[in-house]
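Down below is the structure, laid out as structure tokens.
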Amino acid sequence: MRFLHTSDWHLGRALHGVDLREHQAAFVDHLVQVVEAEQVDVVLVAGDVYDRAIPPVEAVSLLSSALARLSEHASVVLTSGNHDSARRLGFGAQVLREGVHVRTTLDVDRPVLVTGRDGTRAYVYPFPYLEPDEARVALARRVDAHGTAPDEGWADDGAVLLDRSHEAVVGAAMDLVRADVARRREAEPDGFVTVVMAHAFVVGGEPSESERPIAVGGVDSVPAGVFTGVDYVALGHLHGPQQVAVPGAVARYSGSPLAYSFSERGHRKSSVVVDVVPGAPASTRLVDAPVPRRLSEVRDELEAVLSEQYAGQRDDWVRVLLTDAVPPPRYLERVREVFPHALVVLRDPASAARQESAYREVTVASDPVDVAGDFLAHVTGAPPTPAELAVLQETFETLGREEREGR
Amino acid sequence: MILHSLQLHAFGTFAGTVQIDFDAVGANGIFLLEGPTGVGKSTVIDAVVFALYGEMAGSVASRNRARSDFAAPDDPTFVDLVLETGNGIFRIRRTPQYERAKQRGTGTTTQQATVRMWRLEPGALDAWALAPRTASGRPGEARDHGDLDGAGELLATRLDEAGVQVRHVVGLTREQLAQTIVLPQGEFASFLRAKPEERTQLLQQVFQTGIYLDAQKALADRRRALGALVEDTRRAAVGSVERLAALAPDAPPPVEQDAPPAEQERQADPSPVEQGRRARVETPVPLPWLTADASLDPPSSGHDAEEGADVLKVAETCREGSDSAAQQAEQIAERARQARDEAAAALRETRALLRLVERRDDARARRTELQERAEQVEVERRTVAAAQRAAAVAPVLARAETAHEARTAAGQAWDDAAGTAKALGMVAPGGVATGSVTTADDGGEPGKEPTTPFGAWLGQRQDELLADSVLLDALERQVGSLTEGADRLQEVLDELAAVRAAARADEDELAAVPQAVAVVQEERARMEATARGLDLATARLAAAEEQRDDLGRVGEALADWRVAADALLAAKARADDATHAEAHLRLRRREGIAGELASGLAEDEPCPVCGSRAHPRPAELSDTHVSQEEVDAAERDRRVADEEFQTANGRHEAARARLDHLAERAGLDGAVLRAADTDDLLAPAVAAAREAVVTAAQERDVAARAGEALPEVLARLEALGAREAELRERASAAASARAGRVARLESGCAAIQDDRAGLTDQLREVAARVGVELALPAGAEGAEPAVAIEPAVSGEPVASVEPVESPGPTELPGIAAPSSTVARPATAEPEPFAARVIAQTRAFEKSLRPALSRVRDAVRERRDALAAWARADGTRSQAEEDARVRAEERDEALAVHGFTTADEAAAAAMPVPELAALERSVDGHDSALRAVAAELAVADVAALPDEASVESVVTDVTRAQEALARAEQEEDEAREAATRARSLALTVAQHVAEVHRDVTAYRDAVRDSAVVLRVSDLVTARSADNAPALTLSTYVLVQRFEAVVEAANRRLAVMSDGRYELVRSDERERKGGRNLGLALRVIDHVTGAVRETTTLSGGETFYVSLCLALGLADVVSAEAGGIEFGTLFVDEGFGTLDASTLEVVMTEITRLRDAGRVVGLVSHVEALKQMIPERIQVRRRPDGASEVRVVA
């Protein structure tokens, strides 16, 4: 059966002030076409659907229409990421029409059963972003059947909490999933396929600048080994498409549909078509996402930047780094005239050509005599004479002595 | 400053205890203080600031807010904070002032504020962290500050002490803290918008650049101190100039240009000092500053130095004037000294003339005296000449006399030697030894080639005696060899005895051999007989063993058979039973088969037996009916039992056959054995077989041992035969050795006897020749012959031998009778004879040696006498020749020196001392005459005019002495005048030097202070040279501030997408203010305009302020020794940011974790909760008080 794996839509996000709404809408159009053309059975959206907990209304409208259009051709399973507010996103999930599964709760071992056009049955376990502080309580209660249920709200006395780390909570969720899969295998010997959707930073993944750090207790990642035991792991969070080495399973990040920072200008944004049949490893194939506008960078002195040398990038979303030692007048305006889509214009003088300050670097460790000598040179325009330096030397020595003697 | 832990109680909105472990909550570098509005988020920050300073964070501080309104009246309020700075780890516990219920009565009383502050050990936190957790096990409540009670060093217990300590530890005031480390709500922009003066103080505190301000002040102080010093030196200079001026009136008037002669100096003595004074009057000292008002500041350094130089120039003129006057006086004194020298020279010349006149007169008187003695001196001169000639002849005469005396003595010696020789019987033939043996022409050496008859005779006699001496040496050697021959003979004799003894032992052993051979042969025969029985014994043993083993196997087979027989019986019984059971079952089945068939009947189906479709009365199926299965089972059992029986039968047959076969081999009957119940039949046979094996083994061992011993006996036989052959061979060798030795004995005896005889004869001959009476004493042996030698005057020895007892023909032969040597009879034993010969030879040697010695002594005595005679003869010839030569020399010398005889010469001789005295007398007269002539010829004397007399010259001398006395007095006076002038000049010079010193000191002071004044004015910006009017301390702060701005811009560029950049401005912030260089502007790159910071929007102001605070922390943390900004608090402001800006700002803030810092954000903004997992949640309880929950 065939899945389409995507994630990190970040609806409502702007790129350095540019509203990406229409480009995100274009991506949704593209996605519907792919689902239709490729006869996709299930669409998996692995978290970070919205960019913020409280998304703008345009973003909400876009998601609403996207779900409606996609569900005409395929089932949709959607989870919340670290940018989403799980409860807001999950509002009304129970009353949504058949074929649309928005899963933002922590009952991670309750799979979504979908059946493909080829008759293959698949159990999809959608994990929302497992926020350790919340999940260590909720999952602990389910993992340890003998523990007394912790009180809602403040107190959690008596519960055996999980460690406060991503590894612990994702590991516990996977333990639950593996137990559930084992149960089902007994009941359904004919065979089915299993898919886990998770929003996490798996060790070995390559981050970019646009992901928000999720470190808890100083650690932000999960070892790949915890995901064993299922056929395919659909990961979200990292914005670069990439495969992750999980023993016995195929696991990958689909990446975001659009670049959300200049560090992603080398990425090839895409979605993943996954084919899974029981008893065989999943096979994946990337489908390129539409590129609304190229991202690129220009780093040079202003005159060169404005010259024909970089004419090929004028229609890009560019980041301009000016290496002029002295800031040229009105440089921002002049750059924007030539590069209408310049998103960032920064000065980045080469370290050697850094603007020489009229003032000397002074630190606590500096010799005060040298500093005062430089001061004389600075105010008089001539280097201090030996006699003047001697006076300064004597003055500071006397002060140092008095300080040592406790005055 | 790093916050570790905070505990508070009944503080602000919190009624109970709140415990926050910043180490845990800040582990990620960022944490969030969140909660609804008014619930007390800022109270946490207030508590931190309160613990440090006793005041709240915000400027709207009110101490009364500290005490919680929710607290019970008796519940004490406190705040307890543990923090760390570069100075160490500290704990501060404060309680605020508040009203509490009176303990007695009603109403309230004021509880005063308290504080305690400790310094904790560096390891205290570690130990604390390991302390047991609270029962709930909830993180964040682990640290109870009560656990720290008693730990560390108590630093302060009073509010003022604690204030000082906190300032020292934190390094900032509360206001400064609120601008940098804790950014309170609504005041985050205070540093951004601070007045430059405030900024100055803060930066100075933060960067600890106070030393530059101190230096600025110190230089200003020095500038004042140096002004006083300049004034002091100026006064000293004025004083010394005045002292110099006061000296001038006492000085004498100056000298004229052309000085008069020395005689006139006393009349007109113009002083150079006077001249100097006059010069000073003409040019008054141009010292305007001498009279200047002391309160005025000295003029600028360059101008001042010039004026000082003028004063010095005038003073120098004074010194030069007095010095030149002194020099003139000294010149006059010098001229007086020259005049005195000239007078002294004139006196010396006059005195010399007087001495010459006196010399001339003396010489003339001596010349007259000498001329009177001339005649007598001539006589003495002749006498001296004769004595000198006689002295020349005297040695020759003396030598001639000596030679004559030697000749006489030599003649006497010769006579003595001749007498000695004669006493020994040696007389020269007549006419041979008379007088001298030499002639005048014969210079040959006497004794070597005798040319005279006496010489020839003497040589012949010496040769004869030498030959006898040689012969005696030979005889002595022969006696030695005779003794050796006897020794050799004795050795042979001993060997012979040894050979005989060895031969006898061998013969005895040889005789015993046959007997031993016989004994061994017998033993051998016995053993061979025994060994031959071995094979038979071995065979018997093998047979016995086989019989025994066979019997053993029969026993095993018998046992096997019995087992098989028993099994057969059992199998048979089982087979019978099974057959029977099957038959019984089949029978029962047949009986009940009707019931079985009936049970299979169905309605309308034909009966298999009768075909009827109606079954009116079917048979009942009995309960005990046997089914087909049961029958089949019984049949299977029977078949199995049969098979087992067949198998047991086969095994039984095999066991029986094997038993029979083995019994037959052992000589027994198998049937008999099977019939018997027990092993009784077999046991005796087995015992007998075992005994037979033991016996046969013993027999075989005996035979084997005999066979092993046989080779040893054969070897012994062979050894005996070899020994016999060896003994026989050795006997024959001993016989031949004996024969050889006897032959050597016989020949040795004969040779010795011959040698003895010859020796005796020769000795006798020599004794006779030298005339010695030789009497060989009678030996110890009776058989020794006596030897007597008669002396013979003519040298013909006559020997007479008279044997005392004639020896037998076989006995020892006599010494004197060579013919009596007799060979030993062949039949006699050789040994006794040889022993006798050896004894005789030994006795002979003992008697002969004294005689030989005596003869040798006689020969040597005669040889000595002859040699002495020959020497005396030589000496006499030499002496005669010498006497003759000396006489000739004497005669010749006399003729040469004019003497006719020797006596005449002797008369003219004089003793040497007398002659010398006479010679000196003559010579002295001659030289005195020559000296007088020379004295008179000297030039000065000869030139004297005759009229110059002693009297006239004495008068001249007196006049010259008077002139000298006058010149000396004049010189003394001139010298005194010069000394006075010099003394004055020195005094003037001394004062001038003082002036020079003081004026120079003044000038130096002015010059030295100039540098300090300049530096001081520059660093305090009072100098016009300081064009930017910038003080040192401000300059330094500007450096630091630039670094801060640069650090802030790094973040600002990101947060504003490159739009804003902060710039430091050198422009004055406000009119009339000092130039502090610490103004701030913002460049808006969108418009290119430079804006005031106040024109930024609220949100922009927030993130710009944030960047500035972080930049400040960056710069401070980057350098060692500065104040650490380990923990930062930002209280609100995030609400002013739109969502995407918030995202950017937060991304930057979360990067702070990499810098090792902890940032605490206070906000209720929902998005932050999503972004920051570490949180301090503040919630309101139903009763209105707040409580805290830490999520970390």
message = What's the ranking of B:746-755, B:181-190, A:2-11 by average number of surrounding C-beta atoms within 10 Å, highest first?
response = A:2-11, B:181-190, B:746-755
ask   = Using 1/(1 + (r/R0)^6) with R0 = 25 angstrom and r between the beta carbons of B:Arg1081 and A:Glu301, what's the FRET efficiency to the nearest 0.05?
value = 0.50
remark   = Within region B:3-44, the residues whose backbone N lies under 19 Å from a label point placed 7 Å from the Cα of B:Thr114 along the Cα-to-Cβ direction are B:7-12, B:17-18
key: For region A:255-301: rounded, prolate or oblate by the Cα gyration tensor [a/c cutoff 1.5]   = prolate
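Ranked highest first by the average count of other Cβ atoms within 10 Å around their residues, in what order do B:585-591, B:324-330, B:846-852 fall? Mind dumping the intermediate values first?
Details: B:585-591: 14.1, B:324-330: 21.3, B:846-852: 16.6.
Descending mean neighbour count gives B:324-330, B:846-852, B:585-591.
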key: Dipole in debye (nearest 20) - chain A, about Cα centre, beta carbon charges: Lys, Arg +1; Asp, Glu -1   = 1320 debye
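Which value, in square angstrom to the nearest 100, describes the accessible area buried between chains A and B on both sides, using a 1.4 angstrom probe? Kindly include the intermediate steps, with their values, before the conclusion.
On the way: alone 20200 and 65580 Å², together 80900 Å².
Result for this pair: about 4900 Å² buried.
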task = For chain A, set up a Gaussian network in which alpha carbons nearer than 10 Å are linked by springs, and say which option among A:Leu286, A:Leu295, A:Leu31 fluctuates the most.
result = A:Leu286
ask   = Just A:Glu388, A:Glu72, A:Glu301 to compare: in a GNM of chain A, with alpha carbon springs under 10 Å, which one fluctuates most?
value = A:Glu388
key: Cα-only Debye scattering, region B:534-647: base-10 log of I(q)/I(0) at q = 0.14, 0.16, 0.23 Å⁻¹   = -0.78, -0.86, -1.14
key: Rounded if a/c under 1.5, otherwise prolate or oblate - region B:596-668, Cα gyration tensor axes   = prolate
ask   = Short version: ³J(HN,Hα) in whole Hz for each residue of region B:832-841, in order, from phi by Karplus 6.51 cos²θ - 1.76 cosθ + 1.60 (θ = phi - 60°), x for Gly and Pro, what are they?
value = x, 4, 4, 4, 5, 4, 5, 5, 4, 4
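Among the complete DSSP H segments of chain A, which ones combine at least 20 Å of alpha-carbon extent along their axis with a mean Kyte-Doolittle hydropathy of 0.0 or more? Could you put the intermediate results ahead of the total?
Numbers: long enough: A:21-37 (24 Å, 0.02); A:57-73 (25 Å, 0.65); A:166-187 (32 Å, -0.10); A:386-404 (27 Å, -0.60).
Result, helices passing both filters: A:21-37, A:57-73.
Could you work out the relative contact order of chain A? I mean the mean sequence separation of Cα pairs under 8 Å and 6+ apart, divided by the number of residues, in percent. Could the numbers behind the result be given before it?
Values: 805 pairs, mean separation 52.5, N = 407.
Here the relative contact order equals 13 percent.
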key: Sorted largest first, extent of region A:2-288 alpha carbons per principal axis (Å)   = 51, 46, 38
inquiry  = Please compute, for peptide B:214-223, the average count of beta-carbon atoms on other protein chains lying within 10 Å of each residue's beta-carbon.
reply    = 4
ask   = Average partner chain C-beta neighbours within 10 Å, per residue of B:1035-1043?
value = 6
inquiry  = What's the ranking of B:1165-1178, A:267-280 by average number of surrounding C-beta atoms within 10 Å, highest first?
reply    = B:1165-1178, A:267-280
message = Given the options A:Gly381, A:Ser366, A:Leu295, identify the residue whose Cα lies farthest towards the positive end of the charge dipole of region A:295-404 (+1 on Cβ of Lys, Arg; -1 on Cβ of Asp, Glu).
response = A:Leu295
query = So if we plug the beta-carbon distance of B:Glu401 and B:Gln460 into 1/(1 + (r/R0)^6) with R0 = 41 Å, what FRET efficiency do we get, rounded to 0.05?
reply = 0.55
ask   = Roughly how many Å² of A:Val196 are accessible to a 1.4 Å probe, to the nearest 10?
value = 0 Å²
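What dipole magnitude, in Debye to the nearest 20, does the protein assembly as shown give about its Cα centre under +1 on Lys/Arg Cβ and -1 on Asp/Glu Cβ? Don't jump to the answer; show the numbers that get you there.
Working: 181 positive and 262 negative charges, 1337 e Å.
Around 6420 debye, computed over the protein assembly as shown.
With both partners inside region A:2-288, how many of the DSSP beta bridges are antiparallel, as a percent to the nearest 5?
45 percent
Take peptide B:1047-1055, look around each residue's Cβ out to 10 angstrom, count Cβ atoms belonging to other protein chains, and average those counts.
On the way: counts 0, 0, 1, 0, 0, 0, 5, 2, 0.
Mean shielding count: 1.
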ask   = Excluding same-chain residues fewer than 8 positions from B:Lys195, which lysines have a Cα within less than 20 Å of its Cα?
value = B:Lys1071
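R0 = 56 Å: FRET efficiency of B:Ser1065 with B:Glu334, Cβ-based, nearest 0.05?
0.10
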message = Starting from 0.36 nm per residue, how many nanometres of slack lie between B:Leu370 and B:Arg728 once their C-alpha separation is accounted for?
response = 114.9 nm
ask   = Once label points are set 7 Å from the Cα along Cα→Cβ at both B:Ser736 and B:Asp903, what is their separation, rounded to one decimal in nm?
value = 11.0 nm
key: Reach of B:Lys102 by Cα under 19 Å, taken over aspartates and glutamates that are not fewer than 8 positions away in the same chain   = B:Asp69, B:Asp74, B:Asp75
ask   = With the dipole of region A:2-288 worked out from charges on the C-beta (+1 for Lys and Arg, -1 for Asp and Glu) around the Cα centre, which of A:Ala68, A:Phe262, A:Val49 lies farthest toward the positive end?
value = A:Ala68
ask   = Of the accessible area of the protein assembly as shown, with the probe set at 1.4 angstrom, what percent is carbon plus sulfur?
value = 52 percent
inquiry  = For the protein assembly as shown, what does the helix formula give at 222 nm: sum of -39500 (n - 2.57) over DSSP H segments with n ≥ 4, over the residue count, nearest 500 deg cm²/dmol?
reply    = -19000 deg cm²/dmol
For region A:295-404: relative contact order, % (alpha-carbon pairs under 8 angstrom, 6 or more apart) = 19 percent
task = Determine which lysines satisfy two conditions relative to B:Lys41: a Cα distance under 20 Å, and not lying fewer than 8 residues away in the same chain.
result = B:Lys1169
query = Along each of its three principal axes, how wide is the spread of alpha-carbon positions in region A:295-404, in whole angstrom units, largest first?
reply = 67, 30, 20
remark   = Result for the protein assembly as shown: accessible area per residue, probe 1.4 angstrom, in square angstrom, of 51 Å²
key: Residue among A:Leu96, A:Pro340, A:Val216 farthest towards the positive dipole end of chain A, charges placed on Cβ   = A:Leu96
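For the protein assembly as shown, just say rounded, prolate or oblate: build the C-alpha gyration tensor, square-root its eigenvalues into a ≥ b ≥ c, call rounded for a/c under 1.5, and beyond that prolate if a/b exceeds b/c, oblate if not.
Values: a/c = 4.43, a/b = 1.23, b/c = 3.59.
Oblate shape, in that a/c is at least 1.5 and b/c is the bigger or equal ratio.
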inquiry  = Using the crude model of +1 on Lys and Arg Cβ and -1 on Asp and Glu Cβ, and no other charge, please compute the dipole size for region B:1131-1174 relative to its Cα centre, in debye to 20.
reply    = 180 debye
inquiry  = Can you list the residues in region A:379-401 whose accessible area drops by at least 40 Å² when all protein chains are present, compared with the chain alone? Use a 1.4 Å probe, heavy atoms only.
reply    = A:Val379, A:Thr380, A:Glu388, A:Val391, A:Thr395, A:Phe396, A:Leu399
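The values are calculated or read from the model by the stated rules, or taken from the named source; none is laboratory data. Treat the numbers as computed from the prediction; the structure is a model and nothing was measured. With ideal geometry, Cβ positions are generated from the backbone for all residues, glycine too; neighbour counts draw on all protein chains shown. Heavy atoms of the whole protein, side chains included, go into the accessibility calculation; ligands, DNA and RNA do not. Shrake-Rupley method; radii C 1.70, N 1.55, O 1.52, S 1.80 Å.
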